[in-house]
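> Handing you this structure, nothing more for now.
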Amino acid sequence: MKTLVKTFSICLFVFMTSCKESESESKASLDSNESVIEANDIQKVEPPHWWIGFKNQKLQMLVKHPDIGSATPYISNSEVSLLEFHKADSPNYLFLDLEISKAAKAGKFNIVFRQDDGSELTQTYELKERQKPSEDYLGFDSSDAILLITPDRFANANSKNDEVEGLLQQGIDRKDGYARHGGDLEGITEHLEYIDELGYTAIWPTPVLINDMPKGSYHGYGMTDYYRVDPRFGTLDEYVKLAKDLKTRDMKLIMDQVANHCGLEHWWMKDLPFKDWVNFQENYEKNINNWDNKTTITSNHRRTTNQDPYASKKDNQGLTDGWFVSTMPDLNQRNPFMANYIIQNSIWWVETLELGGIRQDTYPYPDKEFMSNWASAIMNEYPNFSIVGEEWSYNPLLIAYWQDGHENADGYESNLKSTMDFAMQKNIVDALNEAESWDKGLVKIYEGLANDFAYASPKDIMVMPDNHDMSRIYTQLKGDVTNTKMALSYLLMMPRIPQLYYGTEILMDDFDNPGDHGLIRTDFPGGWQGDTVNAFTGAGLTAEQKDMQSFLKKVLNYRKTSEAIHDGDTKHFAPQDGIYVLARIKDNETVVHIINKNEEPIEIDLTHYEEIGIAGKTLQNVITGETMVWGNSITLDTKGSTILTTKL
């Protein structure tokens, strides 16, 4: 087959000596309406493909190939314009600025890279049809209950991918909390029925992109290629299958992304495009042969410098530019090419997996102006989408600062829909661990929820009893099953988006070494062939574990269809006599949650709560199924949670 090539125009380019040389107004093209002869002469092009029909018609392409910086690119598609191309500091990169016309059709076209000696390299690039319009990408919200999963520790469905030849870390060792254990994407997919029946509506797996690191690669936060699934977790097709199988159950997939840092073994660390691609790059290159914790300039972790009106520039730079750890290079989002790269990568994954949300790691650490632009770019394209940013702070003012719509004194606009409520997480633990007094115990929850006046949208904030980085809630509550139930049921009733960690339903703990990450992320029993205990089937579970499974299943499944919990008004009453009452109200549905810390029976005067507006109404206990009429009083015989609903 022959391709007829017509040269419409060849622009003359003047190459500058700048380290970020730009070839502006380049519209050279080798245009063809004939079929494309495919070629893949270039080592790496990212994004690996793109789509037509975006609101933003611009695309910046990273091209990596030996000495590609001295080539002149030409595009063979009249509906794709090459606006500019940019040289990098390394001779092995080019960055192409493309504009895809609104009339562009899905298909493939060639990019020709011509050297001064007349030699050419050709790369075929594909533009795909989008699966659905931007407005149909619906993000997680307060109607969801999210299950956080560490994939390596959940279920191993395919033992053949436990070890992959050529990767730096080999083998699995389930006795070592910091080694790989073999869990994979297929293991999650195989157990979606279990997750669905528990009552969850979304899952958030920790990152599954490749971490080709010599050790500690299981957790996923040291990515070495932002476009490649770790083969020990599975394939891109298996990742897509997980997303599709979730959708058939009307469930969402939330992707854990990291804009702050990559892994030290990321492919570009062997040949960095620019002198400022990562922060403190000069220090890294100077000490590359003796790189360790001593030579690394690490972050000072002073996250308040983002808001502090008195913060020194030095302290703020220490936060944003310092490396998280020596094995995680800190990305410089102030470099415009890096900024575009991260934004486009996020959009690529939203489209590829038809995501229901993004969780962004270490949110306060990157350049905050970039994070605003990043969130804006995604939300402008997907107006009904959701992003949650990790701000691990117990200060509600800091949590509020990062949420979209909050009027910040410095004028900062985050464009971030959801933040994380670590403040309330701590309040819940303190409230249940402490003995009741004027300023201790349940008043911590009461006053903590009162802080909602500071938030632009409390119901869009994510709350959790624990996560993959902190002790299990059962451990934090000192092994008290009743307190654990009260913590979980209250959290699931609040005007929030709840997130729970896998294994909470069977009282997984880290008592042997509290706070140890390897122990916190223990294997889920039944996820491996030969496990003597199987939480998926119930085999081998204790009576307490089965009871907690049943309790959470009832609460989660009630919550799944409760408009009052999803979007209702909230009213609560100051704790007294070890009793704290919270109500959620919408239309004809009222849900009342009672926390009782009394060890002995206690009679509650229900007329104290008359403004809830349910006097004389029949309510059903969500857990036991028993009914009662809301009269003048109720006697609670035992310590614990009582959840009552008017929805019979």
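> Using only DSSP helix segments of four residues or longer, with each worth -39500 (n - 2.57), what per-residue ellipticity at 222 nm results for the chain after dividing by its residue count and rounding to 500? Don't jump to the answer; show the numbers that get you there.
Numbers: 15 runs with 142 residues, N = 648.
After summing the helix terms and dividing by the residues of the chain, the value is -6500 deg cm²/dmol.
> By how many nm would the segment from ASN588 to GLN529 lengthen if fully extended, with 0.36 nm per residue of separation less the alpha-carbon distance? Mind dumping the intermediate values first?
Values: separation 59, 0.36 × 59 = 21.24 nm, distance 4.82 nm.
Gain in length upon complete extension: 16.4 nm.
> Using the Cα gyration tensor of segment 485-634, with a ≥ b ≥ c the square roots of its eigenvalues, what is the shape: rounded (a/c below 1.5), prolate (a/b larger than b/c) or oblate (neither)?
Since a/c reaches 1.5 and a/b is larger than b/c, the shape of segment 485-634 is classed as prolate.
> How much of the accessible area of the chain, probe 1.4 Å, is carbon plus sulfur, in whole percent?
Solvent-exposed carbon and sulfur of the chain make up 47 percent of the total.
> Here's a follow-up. What is the distance in Å between the Cα centres of segment 141-192 and segment 581-603?
Value for the Cα centre distance between the two parts: 39 Å.
> With a probe of 1.4 Å, find how much accessible area the chain has per residue, and write the answer as a whole number in Å². Spell out each step's value before the answer.
Numbers: 26660 Å² over 648 residues.
About 41 Å² of surface per residue is accessible.
> Within segment 214-365, what is the number of lysine pairs with alpha carbons under 26 Å apart, leaving out pairs fewer than eight places apart on the same chain?
Close lysine pairs found across segment 214-365: 16.
> With each label point set 7 Å from Cα along the Cα-Cβ vector, what nm distance links GLN131 and LYS546?
If labels sit at GLN131 and LYS546, their model points lie 3.9 nm apart.
> Is the shape of segment 218-329 rounded, prolate or oblate, going by the alpha carbon gyration tensor and its root eigenvalues a ≥ b ≥ c, with a/c under 1.5 for rounded and a/b larger than b/c for prolate? Don't jump to the answer; show the numbers that get you there.
Working: a/c = 3.05, a/b = 1.57, b/c = 1.94.
Verdict is oblate for segment 218-329.
> Among the DSSP beta bridges whose two residues both lie in the chain, what percent are antiparallel, rounded to the nearest 5?
Values: 69 of 94 bridges.
Looking only at bridges with both residues in the chain, the antiparallel portion is about 75 percent.
> I would also like to ask the following. In degrees between 0 and 90, to the nearest 10, how far off the longest principal axis of the chain does helix 543-560 point, with axes built from Cα atoms?
70 degrees
> A further question follows. Of all GluC sites (Glu not before Pro) in segment 525-600, which ones are in loop regions per DSSP and have a Cβ with at most 13 other Cβ atoms within 10 Å?
GLU599
> For the chain, take the longest principal axis of its alpha carbons; what is the angle in degrees between that and the long axis of helix 368-381, to the nearest 10 within 0 to 90?
With rounding to tens, the tilt is 90 degrees.
> Checking the a/c ratio against 1.5 first, then a/b against b/c, what shape does the Cα gyration tensor give for segment 285-407? Walk me through the numbers on the way to the answer.
Working: a/c = 2.15, a/b = 1.29, b/c = 1.66.
Here segment 285-407 falls in the oblate category.
> Using heavy-atom solvent-accessible surface (probe 1.4 Å) with all chains present, what is the largest-first order of TYR194, TYR609? Can you show the working numbers first?
Details: TYR194 35, TYR609 10 Å².
Sorted by accessible area, descending: TYR194, TYR609.
> A further question on this structure: In vacuum, with every alpha carbon of segment 334-379 counted as one equal point scatterer, what does the Debye formula give for log10 I(q)/I(0) at q = 0.16, 0.20, 0.29 Å⁻¹? Two decimals, please.
Here log10 of I(q) over I(0) equals -0.42, -0.66, -1.22.
> In the calculated pair distance distribution of segment 368-427, what percentage of Cα-Cα distances lie above 17 Å? Can you show the working numbers first?
Numbers: 666 of 1770 pairs.
So the pairs more than 17 Å apart make up 38 percent of the total in segment 368-427.
> What number comes out for the charge environment of GLY518, summing +1 per Lys or Arg and -1 per Asp or Glu over other residues with Cβ under 14 Å away?
On the way: positive: ARG153, ARG174, LYS175, ARG180, LYS215, ARG472, ARG521; negative: ASP152, ASP173, ASP176, ASP469, ASP509, ASP510, ASP512, ASP516, ASP523.
After counting each charged neighbour, the total is -2.
> Further, regarding this structure: Calculate how steeply helix 236-248 sits against the longest principal axis of the alpha-carbon atoms of the chain, using the helix alpha-carbon long axis, and give the answer as 0 to 90 degrees to the nearest 10.
So the inclination is approximately 40 degrees.
> Working with all protein chains in place, sort ASP176, ASP152, ASP569, ASP430 by solvent-accessible area computed with a 1.4 Å probe, largest first.
Working: ASP176 65, ASP152 0, ASP569 110, ASP430 35 Å².
Result of the area sort, largest leading: ASP569, ASP176, ASP430, ASP152.
> If each Cα of the chain is one equal point scatterer, what is log10 of I(q)/I(0) from the Debye formula at q = 0.06, 0.11 Å⁻¹?
The Cα Debye sum returns log10 ratios of -0.38, -1.13.
> Roughly how far apart, in whole Å, are the Cα centres of segment 340-402 and segment 231-305?
Here the two parts' Cα centres lie 15 Å apart.
> Local charge sum around LYS132 (other residues, Cβ-Cβ under 10 Å, Lys/Arg +1, Asp/Glu -1)?
-3
The values are calculated or read from the model by the stated rules, or taken from the named source; none is laboratory data. Because the structure is a prediction, the values reported are computed rather than measured. All Cβ positions, glycine included, derive from the backbone under ideal geometry; neighbour counts span all protein chains shown. For accessibility, only protein heavy atoms count, side chains too; no ligands or nucleic acids. Shrake-Rupley method; radii C 1.70, N 1.55, O 1.52, S 1.80 Å.
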